[in-house]
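What follows is one structure encoded as structure tokens, with my remarks underneath.
The values are calculated or read from the model by the stated rules, or taken from the named source; none is laboratory data. Quantities reported herein were computed from a predicted structural model and do not represent experimental measurements. No Cβ is skipped: glycine too gets one built from the backbone with ideal geometry, and neighbour counts run over all protein chains shown. What goes into the accessible areas is simple: the full protein's heavy atoms, side chains included, and nothing from ligands, DNA or RNA. Shrake-Rupley method; radii C 1.70, N 1.55, O 1.52, S 1.80 Å.
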Amino acid sequence: MTADTEVEIKDAFHRAQRGHNNKAKLVAGLKSRYDKLDDKTLFHEDFLHCLKHAMIVYKRETTVENIIEFVARFATSFQSPPKTEEEEDEEEEEEAEDDHPFLSFIFNFLLESHKANSHAVRFRACQLINKLLGSMAENAQIDDDLFDRIHQAMLVRVTDKFPNVRIQAALAMTRLQQPKEPDCPTINAYMLILDNDSNAEVRRAVLSCIAMSPQTLPKVLKRTWDIKENVRKLAYQVLADKVHIKALTIAQRVRLLQQGLHDTSGKSVREVVCSRLLPAWLLRLEGNVIELIHRLDVENCAQTALDTLRAIFRSSPTEKLLQDGLQLDSRKLLPVDSLTCENVLYWRALCEFVKAKGDEGDEMLEQVLADAATYADYIYGYLRAVPALSEEQRADFTQLELVMTKEFISQQLIHLIGCLDTNEEGGRKRVLAVLQEMLALPQTPSSLVSLLTEKLLALISDDQRRVQIVAEIISDVREPIMEASQPVDENESRRQQVQLAEVKVRILEAKQTLEDYIAAQEFSRAAELKDSITELENRRNQIIQDIAESNQPADKEIRTEKNDPETLLRCLTMCAELLKQMSIKTRIGPTISALMSSLVLPSIANAHPAVRNMAVVCLGTCILHSKELAKTHLVLLLQIAQLDEVKIRISALRAIIDLLLLFGFQLLSETTAAQTAVPAHSPDGREEDAAPVAEEKAGDTAQSILVMLSEFLDSEVSDLRTETAEGLAKLMYTGRISSAKMFSRLVLLWYNPVTEDDTRLRHCLGVFFQLYARESRAHQEVVEESFLPTVRTVMNAPATSPLAEVDISNVVELLVELTRPSALIKPSTNTEVCVHDYLAVRMCGEMINDPTAPEVRLYAKTLSNLELSRDETVRKDLETLLQQLLQVVKDRVCHRALMKMVCQLLDATQQAELLSACALQPVDVNADGTYVKKEKGGGQTRKVCTAKGGRKSSRRAESSEESDGENVPESVQLMRPSRRAKTAALEKTKLDLNTLINQEANVS
């Protein structure tokens, strides 16, 4: 080969480093030179010689990246251009030609280099393979043997210890996937990486290139709740671009939207869902929003559908919203015959979205919603048509489903009442009348009672009027007016008939006598007799009238009290909604007191669980308005919280927590004082002893409540356990409870593996710990006081306890972070003693008490992570304690940690003196009880002598980064620590050195 050729190759590589050069021209020129050569061997060698200089650079330098790009384009330029289908058919009949020699030569070199010791070479080899395969034509073909070799090499490299190597290897296998094969090795490797790789960028790389199939779809969906925001974002992008909405189940669609639209850690995820996922789904559904909502099962996931609609509305022009989606009639109403779950939910979401615009949306709202009076008549007609099913009809699933659909539509129509313009008096009165009538109707579904009551109370601002109206409705529902008829009395009717017959006989006799008197011309007597006849006729008419009235009995209106479970539940629901809407400052009046005595309290003893539960809710809400009622019924709530069904116990527990939050534990002392009060004229004169007795009983009551709550934390019922933990967190955060023991219980509950699946509990406590500790110095003191009990509980947990699996170092790290002075919302500006100072003294005291305890090493390492104050007295005290510890602690790891802590407290001169003194002091006992005897010759022999302490085996084994090798007898072969362990140890060393360097700089 001539020198000109060598210069040509070097010149091409030199020029390729510059990004502004035309690489296509360079590739063409070098390829022309290559084609003219008869012997390609020297060209190959020189080409590799130049390439190797770039492959040893690990950093992503721009010049190196340009060279890699140039090499890939040059190597793939030897491939034949894409062929038509006819040419491919002709080639199938003939023998397939081999790949170009240069391309095969480059692949062989890279496949031999992927096993190099240098991670830079492995990285560049995988990167170049990725570039080569990516630069090939879409229908390019390679030799089967080469395919297998590349495949095997990249499968090895995706398990490389360096993330960048794994990324390039994963990208290189993109075109080697075979999604239609159930056991494709590439697909299996990708799924394994998505599940197990600790590096987020590696997971992102796999997400970007994995092929979608029924096998890989669940793995991609799982990445939407990845711990890293960038991974979640990319997962949503992949789903939007590669997955059709019909390929997802309803549950998967709902979960994607729930998590994506409410992603709390990153705005970018929510933006991807709104700007990429939803438009992609709409595009595949031809822009039909109603059809998209239909595919989310709105009856069971109404809130998710509403959030989805609002996201779509925010990204759409308002004019388009008013034109599309709804087919309203001239009254601005949806025809009753065309009402479906989807279009009524769309109608509600659109009206709420337009109304939220304020004054700007009032005019648009008039175009999509009728006036108040018209809408009231519309909803009244629809609700009256909802059928009430009997028990036999409820067994028919078709009828039940139809009624449930109508109830859902009714709920959305009731929600729309909040969008009406009720400023006009006539419209508001009509709406109020319709709501009152619907609540009083017995055929109104029970599921609508709470919502109807809420909308009714929202239209009334005065609490007294609210109470009066709701009380009247409850009275009409529980004691409806009924017509009762009285039966005809047969004896009375017979007696009246006899009297009538007697009067008629007497009248006939009198008339006969009257004729005789007239014939005898005795006119005076005839006149008297005529008056008697008139009286008898009047008597006869009166009896006839009485008989007619008795034969037609009049109906009477009476009130009959109904005590069936359904009626009681409806009344209690209205009462509970009323009490919730009332202002907390509104006192309990006679009407509410009457409802309590006649409805709520009797229902607590009802046999139906739903009635009892709603009665407890009413009672718990009502006593918040009256301290006297709270004192009276607190004991009843405590009994219910311990004895009834789980759901009712939780309701009672919530009521108790609310009482303690509002009134505090002083309520208990007042309650006990009222119960134990001695009459003023007590004959034995023991009034002076009443107060101490009341205080003692109040303390016992408070203690019993805390014991009950503590027992609930150990309950096997997750809902009860979660509610209790949330209640205790509220009490502690508001200052009603200040208990280190209770805080320790909550920390242990948070770490307990039993609660791993309780997402609500974990989230609640995780937020509480941060807010509580950052709130004030007093709260941090509580956390500091709970430090040692928490550590002891975890360290001493038996092997059968779930706490034995807890990582104690993680617990200690959490408590240290919570007590950092810099974590306070309002950090102290003075140099007072901080919480970490007390914590350091506590840990030193524990180590002095038992220098051989297994937790000594943990305490020693924790000391260096504390933020100590600059108070000289505290530093001197700590220095004294550490000097004592250096004399009694013999473990090498602990000794080094303590020395490091002492150096942080001392100045440079004192550090040098201390280091020289400690260098002369022999360490003759190791942490595991192995004694070391030093001999004069400088050598040493080890004698294994196992300590008799009852340590658990799991606590004896220390990590490779803590072991110094001298704790192990010579008879045992030393294990080489893993690469990850050494890396972690190196990082910790760097952190420690940085701390020392900074302090030395400050001293100097």
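Worth a mention:
- For the peptides 245-254, 187-196, residues were scored by their other Cβ atoms within 10 Å and the scores averaged per peptide; the highest-first order is 187-196, 245-254.
- Cα gyration tensor shape for the range 229-380, rounded if a/c is under 1.5, else prolate or oblate: prolate
- Ranked by the mean number of other Cβ atoms within 10 Å per residue, highest first, peptides 589-596, 298-305, 491-498, 141-148 order as 298-305, 589-596, 141-148, 491-498.
- In sequence order, calculated HN-Hα J values of the range 26-36 (Karplus, 6.51, -1.76, 1.60; Hz; x Gly/Pro): 4, 4, 5, x, 5, 5, 4, 5, 5, 5, 7
- For the range 602-607, Karplus couplings with θ = phi - 60° (6.51, -1.76, 1.60), whole Hz, Gly/Pro x: x, 6, 5, 9, 5, 6
- A simple charge model with +1 on the Cβ of Lys and Arg, -1 on the Cβ of Asp and Glu and nothing else charged puts the dipole of the range 264-333 at about 280 debye relative to its Cα centre.
- Of the three principal axes defined by the Cα atoms of the range 395-452, the extents in descending order read 45, 22, 15 Å.
- Cα-based radius of gyration of the range 547-628 once divided by 2.2 N^0.38 Å, which approximates compact folds: 1.53
- Remark: relative contact order (the range 763-818) = 37 percent; criterion is Cα-Cα distance under 8 angstrom and separation of 6 or more residues.
- Compactness of the range 854-907 - radius of gyration and Dmax, Cα, Å: 10.7, 31
- Relative contact order [Cα under 8 Å, 6+ residues apart], the range 499-629, whole percent: 22 percent
- Among the GluC sites (Glu not before Pro) in the range 786-860, those located in a DSSP loop and surrounded by at most 15 other Cβ atoms within 10 Å of their own Cβ are 832.
- The heavy atoms of residue 511 present about 90 square angstrom of accessible area, all protein chains included, probe 1.4 Å.
- Averaging the sequence gap over all C-alpha pairs within less than 8 Å and six or more residues apart, then dividing by the number of residues, gives the range 302-371 a relative contact order of 37 percent.
- Which of 347, 225, 750 is most accessible, then next, and so on - probe 1.4 Å: 225, 750, 347
- Between the residues 16, 41, 30, the greatest Cα displacement towards the positive end of the dipole of the range 14-65, with unit charges on the Cβ of Lys, Arg, Asp and Glu, is found for 16.
- Estimated at the nearest 10 Å², the accessible area of residue 52 is 100 Å² with a 1.4 Å probe.
- For the range 719-731, putting each phi into the Karplus relation 6.51 cos²θ - 1.76 cosθ + 1.60 with θ = phi - 60° gives couplings of 5, 5, 5, 5, 5, 5, 4, 5, x, 5, 4, 5, 5 Hz, in residue order, rounded to whole numbers and with x for Gly and Pro.
- From most to least packed by mean Cβ count within 10 Å, the peptides 818-825, 114-121 give 818-825, 114-121.
- Since only 459, 497, 387 are under comparison, the one whose Cα sits farthest along the positive direction of the charge dipole of the range 385-523, derived from C-beta charges on Lys, Arg, Asp and Glu, is 459.
- Heavy-atom accessible surface of the range 213-359: percent carbon and sulfur, 1.4 Å: 49 percent
- Surface analysis of the range 119-257 yields an accessible area of 43 Å² per residue, using protein heavy atoms and a 1.4 Å probe.
- Ranked by solvent-accessible area (1.4 Å probe, protein heavy atoms only, all chains present), the residues 868, 278 order from largest to smallest as 868, 278.
- Over every Cα atom in the range 603-651, the radius of gyration and the widest Cα-Cα span, Dmax, amount to 10.3, 29 Å.
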